[in-house]
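So the structure is just underneath, and the comments pick up after that.
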Amino acid sequence: MVSTGSTTEVYTVINPATARAVTDVPLASVEQTDVAIERAHEAFVSWRAVAPGERAALLRRFASVVDDHVEELAELEVRNAGHTWGNARWEAGNVRDCLNYYSGAPERLFGRQIPVAGGTDVTFHEPIGVVGIIVPWNFPMPIAGWGFAPALAAGNTVVLKPAELTPLTAIRLGELALEAGLPEHVLTIIPGHGSVVGERFVTHPLVRKVCFTGSTEVGKKVMAGCADQVKRVTLELGGKSSNIVFADADIDAAAASAPYAVFDNAGQDCCARSRILVERSAYDEFLAKLEPAVLGMRVLDPADESSEMGPLISARQQGVVQGYLDEVDVAFAGATPGGDGFWVPPSVVTVDDPAARIWREEVFGPVVAVMPFDTEAEAVELANDSEYGLSGSIFTNDLGRGLRVARGVQSGNLSVNSHSAVRYWTPFGGYKQSGLGRELGPDAPMAFTEEKNVFIAH
């Protein structure tokens, strides 16, 4: 973590399940952010020169150290972010897995030899320099790893700003990187306000790329700021994804799985399938089977390892989500443990009007809207009637239909008879206002390089 020096401002981290303080974290100033960026720029000179095999070995060692601390990291996330133990363990393991996966990249950053007249033409993939990564509060660990693992593998140095609400696992990962042997200033964690640290990533000329995950509104500002220096940017933004259920699908399986596709992490997931479209002939049956699946979800303090859904991250977010619910009639909802935590029950509303606010806007909470449709073409049209295009699911036993609808829906990550959206070895990103560029997958390190072309005359 960057030295906070004389900084006097601190942020009190709150456990969202209890609304009680966990710890205080010092926040960096603009001046301290500048120092951290300059040190990362200095470290870049030697880090990019590390032999590919040695850089790969350091990343594998980092992965091993993370693996040794999975339980510790998970416990931090349960307390800091209100994640369930199952989710938190997966998230820490995902950081480990991303590091292992991208440890293969340094020795495989292949260029090409291109046939030309009069000589030999070759290309090289060279690291771009300091990469600024701005991480959201909903999935602090994996989204950090999705950025820093391929960036480091490609030979860049990284400055990373965690969300003010959830800085604890990022700070610990920065410490574990040093323990694993990564040189100082190669991966720097800088807690601070987005308007201070995040904005400086955008405006500082030594930061050559910004990776931002967060709201579409803020993402647009990041993109506009980066344009001033023609700075590279990757954006992973909002979503309002559809879960399309056709009458020929296994309705039991579709109804049983639907709550977990939207209520995971209390709905604080840009991939949440928060719009369910059901073919009209199966609509009543689906709703009848969805209700017990929702009511049966175990919404408990995440300290209980059997919890399937925890609280919202903050009182502010709780108020935002409750505001949506206050506008509509809730068809049915689950229960919460109550107390001082930031709880909203998993809630289902039925919608007939595709212009309804709860149908169009990203609620980012445990709320799902259900609407009937009559034809395949109407289902695709309704799914596409959104400014977002991040994820989605299609349930049908007709393989041809599944492929047709998947090709027709304007979204970056689709699953047929599944809600799987993210694997570190496949590309992830959105259409339209859900983002720009792709993360993860085999090509991710290339997004942190410049391609250089060299012609040698014969």
(request) Rank V416, P442, N453 by how far each Cα sits towards the positive end of the charge dipole of the stretch 410-458 (+1 on Lys, Arg Cβ; -1 on Asp, Glu Cβ) and give me just the farthest. (result) V416
(message) Taking 8 Å as the Cα distance limit and 6 or more residues as the minimum spacing, I'd like the relative contact order of the stretch 23-136 as a percentage.
(response) 27
(message) I'd like to compare 45-57, 200-212, 27-39: which one has the highest average count of other Cβ atoms within 10 Å, and what's the full order after that?
(response) 200-212, 27-39, 45-57
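Would you mind getting the accessible area per residue of the chain, heavy atoms of the protein chains only, 1.4 Å probe, in Å²?
Value returned for the chain: 39 Å² of accessible area per residue.
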(request) Let me know the charge dipole size of the chain about its Cα centre in debye, to the nearest 20, where only the beta-carbon of Lys, Arg (+1) and Asp, Glu (-1) is charged. (result) 1360
(message) Using a Cα-Cα cut-off of under 21 Å, which lysines could be cross-linked to K452, ignoring same-chain neighbours fewer than 8 residues away?
(response) K209, K231
(message) From the mean inverse distance of alpha carbon pairs (Kirkwood) and the Cα radius of gyration, derive Rg over Rh for the chain.
(response) 0.99
(message) To check you understand DSSP bridge types, tell me what percent of the beta bridges within the chain (both residues inside) are antiparallel, rounded to 5.
(response) 40
(message) How many angstrom lie between the Cα centre of the stretch 128-197 and the Cα centre of the stretch 303-357?
(response) 31
(request) Pull up all non-local amide H partners of I276: gap of 5 or more, or a different chain, and H-to-H distance under 5 Å with H placed in the peptide plane. (result) N243, A369, V370, M371
(message) Taking the alpha-carbon distance from K240 and a cut-off under 24 Å, which lysines remain once sequence neighbours fewer than 8 residues away in the same chain are dropped?
(response) K220, K221, K289, K432
(request) Please compute the Cα-Cα pair-distance distribution of the stretch 272-329 with 5 Å bins starting at 0, giving whole percents from short to long. (result) 4, 13, 13, 22, 23, 14, 8, 3, 0
(request) Using a 1.4 angstrom probe on heavy atoms only, work out the carbon and sulfur share of the accessible area of the chain in %. (result) 52
(message) Quick check: Cα centre of the stretch 223-252 to Cα centre of the stretch 1-75, how many Å?
(response) 27
(message) I need two numbers for the stretch 1-158: Rg to one decimal and Dmax as a whole number, Cα atoms only, in Å.
(response) 19.3, 71
(message) Using the Cα centre of the chain as origin and beta-carbon charges of +1 (Lys, Arg) and -1 (Asp, Glu), tell me which of P292, F62, G238 is placed farthest towards the positive end of the dipole.
(response) F62
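The values are calculated or read from the model by the stated rules, or taken from the named source; none is laboratory data. Since this is a predicted model, take the numbers as computed values, not measurements. Methodologically, a virtual Cβ is constructed for each residue, glycine included, from the backbone with ideal geometry; neighbour enumeration extends over all protein chains shown. Just so you know, the surface numbers come from the protein's heavy atoms only, side chains and all, with ligands and any DNA or RNA stripped out. Shrake-Rupley method; radii C 1.70, N 1.55, O 1.52, S 1.80 Å.
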